[in-house]
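Everything below concerns the one structure shown next.
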Amino acid sequence: MRCQDCKIDYRPFWNTRLDIINIDFVKWLALIKLFDLGISARRAAREAGVSYPTALHAFDCMRYSILHELAKTDKILKGEIEADEAYFGGRRKGNRGRGARNKTIIFGILERRGKVSVDIVSNVSAKTLLASTVKKVKKGSIVYTDKWHGYDSLMFSGYKHMSVDHQKRFANGKVYINGIEGFWSFAKERMAKHHGVSPDKFLIYIKEMEWRYNNRDCDLFPLLINYLLVVNN
């Protein structure tokens, strides 16, 4: 389509995120729906009739769009909070607190009856866990954790800290972290179909899981369309 005034040719959805990949819009819609359904990029390529690199590029474009939207809507969590860390990648369990060999460490915070927020951390030292909590959780909140000593400093930093010893029991009244552990199961089950994620892309994959979990009762398709129609600056 050519502008009659400036004589510049414009494509449909020119300068939006949909313009990043030069494919038919119908195929774009198919890829968006397949991503919505949690289909792998390899299978989506076959279903949509595009190459695997094209499908993967489109899926990563959606993941980066999700990451951008999460950054825009990020908010402080408050009230009753569950905090925990999990290890992703590799077949052997890493050494907790000693670098988690061959693993990516994810620190997660869940607001009961609210949302989850996750980030990659380099270790699970008290300094790292406290810094991550302070960025995400309002002072005065109740923070529930397991007995890992890295959480002990929370009680001296403006939080009410309560912990449960998983070697003895998984819950003690309201003291449990079943919510965040439910998210880990949700994320790991869905991440498994990718058969390994490169470290440089792990953030967009785990933030996709955060987004999916927080919107699990929503229709994801229109959300993705809106993200991709954003005009590039």
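Rule-based calculations on the coordinates, nothing more; no lab input. Since we're looking at a predicted model, the values are computed, not measured. Cβ placement follows ideal geometry from the backbone for every residue including glycine, while neighbour counts extend to all protein chains displayed.
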The ³J(HN,Hα) series, computed from each phi in the range 55-72 with the Karplus coefficients 6.51, -1.76 and 1.60 at θ = phi - 60°, rounded to the nearest Hz and given as x for glycine or proline, is 5, 5, 4, 5, 5, 5, 4, 5, 5, 5, 5, 4, 4, 5, 5, 4, 5, 6
Bridge type composition, the chain - antiparallel percent by DSSP, nearest 5
65 percent
With the dipole of the chain worked out from charges on the C-beta (+1 for Lys and Arg, -1 for Asp and Glu) around the Cα centre, which of 224, 59, 18 lies farthest toward the positive end?
59
Dipole axis of the range 80-196 (+1 Lys, Arg; -1 Asp, Glu on Cβ), positive-most option in 191, 118, 106
191
Selection from 167, 140, 50, by position along the positive dipole direction of the chain (Cβ):
167
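With viscosity set to 0.890 mPa s and temperature to 25 °C, compute the Stokes-Einstein D of the range 132-230, Rh being the Kirkwood radius across alpha carbon pairs; µm²/s, no decimals.
Details: Rh = 16.3 Å.
For these conditions, the coefficient is 151 µm²/s.
Looking at the chain, which longest stretch skips every one of the chymotrypsin sites (Phe, Trp or Tyr not before Pro) that is in a DSSP loop with at most 16 other Cβ atoms within 10 Å, leaving the sites themselves out? Show your work: numbers first, answer last.
On the way: sites that count: 10, 13, 14, 170.
So the longest stretch without any such site is 15-169.
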Under unit Cβ charges (Lys, Arg +1; Asp, Glu -1), what dipole magnitude, rounded to 20 debye, does the chain have relative to its Cα centre?
680 debye
